[in-house]
1. So between B:Val16 and B:Leu4, what do we pick up on full extension, going 0.36 nm a residue minus the alpha carbon distance?
2. Can you tell me the mean projection area, over all orientations, of the convex hull of segment B:313-416's alpha carbons? Units nm², please.
3. Just counting partner chain Cβ atoms within 10 Å, what average do the residues of peptide B:332-345 show around their Cβ?
4. Which whole number of Å³ per residue matches the convex hull of the alpha-carbon atoms in segment B:31-168?
5. Suppose a student asked you for the relative contact order of chain A, using Cα pairs under 8 Å spaced at least 6 residues apart; what percent would you report?
6. Modelling each spin label as a point 7 Å along the Cα-to-Cβ direction, I'd like the B:Asp108/B:Asp233 distance in nm, to one decimal.
7. State, as an integer percentage, the relative contact order of segment B:2-284 based on alpha-carbon contacts under 8 Å between residues 6 or more apart.
8. Sort B:261-268, A:207-214 by packing, meaning the average of other beta carbons within 10 Å per residue, with the highest value first.
Amino acid sequence: MKKSLTIGWLYPELMNIYGDRGNVFVLQKRCKWRNIDTKVKYLNLGFDLKDLISCDLILMGGAQDKQQQAVAKDLTKNKDKLQSIIEKGIPGLYICGAYQFLGNFYKEANGQKIKGLSIFNLYTQNPGEDTKRLIGNAAFKFGELDYTLIGFENHGGRTFLGKNLMPFGKVVKGFGNNAEDGLEGAIYKNSFGTYLHGPILPKNPVFADYLIQKALEIKYKEKISLEKLDDAIEENARLAIAKRLGIEI
Amino acid sequence: MNFLIIIFGKIFSSLVRLLNLGNGSTWPGHIALSLNKDFIGQTLRKSKVKTVLIIGTNGKTTTSKLIRTILKKDNLKSVYNMSGANLLNGMASSIIISSKWDGKLKKDFALFEVDENAFPLFVDSIKPDFVIVLNLFRDQLDRYGEIDTISSNWKKALEKLDNTTLILNADDPQVAYLAQSLKKNVLFFGLEDKSLSSSSLQHGADSILCPKCQNKLSFECFYFSHLGKWQCDKCGLKRPKPNLSKLDFYPPLEGTYSLYDILAAVLFAKQIKVNDKTIKNALREFKPAFGRQETVSFMEKDIQIFLSKNPISFNESLSTVRKLGGKNILIVLNDQIPDGLDVSWIWDIDFENILTKNMNIMVSGQRAYDMALRLKYAEVYAHITDNVRNAIDKMIENLDKNEKLYVLPNYSAMLETREILTGKKIL
């Protein structure tokens, strides 16, 4: 029987700032090319909870402050549902602002704390306007796959992981969570938080396939092995940046 | 003091040009400002010149050129900065170069396109007579920051002015809202042409929340991106009625995005009492600014360059090329400092809805593979040649008689392409 995945895209109208919709395209096309059907649920402000519950894979990107506030209000209402989905092990990818928002709080430069969803045990603080944003091409190593992810980071906030929360990977080049501890992102169950955009999935097809495989295995409760695709352009695009960063991938 | 600065600056820039070291566009200004921080303000206040600042993400260079063309036709003299020299030093340099050897600036208008982030500094040092605000889109987030930050800085800067005339885009919510910071002397341009509009929101539209109360805006129609007929159902803020929304002549540039630039230029011209006939005659002879729909002849073929430096300008260029029946497209993507190091914006381009199957596409530039990857996921096949010169040659070779090549480069790629095609450097 033909397999299918439902991809939930949280707040595509507001949380879409760094080309993050590319991640959705990549998941859709890499499924399509393997004859796997996909459906995308666009979960905008005031979305129907039934739609969220029907998803096999969740994506959420970053935004500007104003947009993020509007989203925070909406998502806080639906926190329990999102939390139970994440706890159940439904795979998800949460980028930048979305990643911060899963944490306990975001402390602004003026000391004011904005509450997060407290699903990931982490917090973020912004050291103030005089401190530089962390911007540039970046690479980190995801241990489980022994795979180097390549992308671009651009964030003012510094994120610190709490007890028992695994990082997504170790920084190879760039700043990572906070420019101090050499860690990037976080993993909780099958949900991944990261600062890497670019967007992250097009240039890291191995990780894109990992998410697809996980989502299918959980949905169909069986071992899945995905057909190999021709990733020559992906490889060349990765190599171009790796060369510039002076790293081997 | 300023007299000496001008004389030395003029000698310096003449030498630079004489020795062929470049066109000397920013150095004299850099030196002038380090000797006297208020050089620009003092020089402009001493002369009778009226200052016009143009800001916005897209269309500054074109709007500046449109206005210059009209002023010239009306026998008005202007000093202006080159695009790419849109920081204070570029402005000081153009003042030095345009001043007479007696140190005086004898011009009617000083016309400056200004970098988004440099605008507050400009306002502080010169108190402009006119400010034209074109639009505000996401652009080089790694360099400029997010657009809410930019608009709030602009608003603060404008609040310090009182005798300035503001010319604003009514269709862009955040731009129109700038009127609140100056209340008087505000004029609006916008579109009122249903045939150009669509009812659905394009991807990547930025200003869809009310700039006053952050509620989601409702749009009666969209012209492109978030430009359209908007209103807030919660606080009642709505798109102001434009003072100018139509042209009574055929526009000298293609595309809806160009219409806004032309409306802005014409509204300004009307405001300074240039008569309609002069405006019309001037624009009939208008030649595009370099790289902005400019056509260059190369190896007996016509090549038209559409600068495409952010998702919105790329979408608009691509739609315009399609409307013109373009089949052969070369996309050049670089990631040098003026382009922004982050190319993630290419995923916000609407290739899926604009490209047609029969187009022959080549990608080139430092990030050619990123662009090829973007197109792959739009299921469009692209040839890849990272060297720009070779890419142009290959495309030209395969052109049929009378076929045209359309090049869509981002900023540094445009300079590079143009240098290959004309054999000359601009900056």
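1. Details: separation 12, 0.36 × 12 = 4.32 nm, distance 1.81 nm.
Using 0.36 nm per residue and subtracting the Cα-Cα distance, I get 2.5 nm.
2. On the way: hull surface 24.3 nm².
Taking the Cα atoms of segment B:313-416, their convex hull projects to 6.1 nm² on average.
3. Per residue, the average neighbour count from other chains is 3.
4. 111 Å³
5. 19 percent
6. Taking the simple label geometry, B:Asp108 and B:Asp233 are separated by 4.9 nm.
7. Values: 520 pairs, mean separation 51.2, N = 283.
About 18 percent, as a whole number.
8. Numbers: B:261-268: 26.1, A:207-214: 20.9.
Peptide ranking by packing, descending: B:261-268, A:207-214.
Read-outs throughout are calculated quantities, based only on the coordinates presented, and are distinct from any laboratory measurement. Model, not experiment: these values are computed from the prediction. Positions of Cβ are generated from backbone atoms using ideal geometry, with glycine treated the same way; all protein chains shown enter the neighbour counts.
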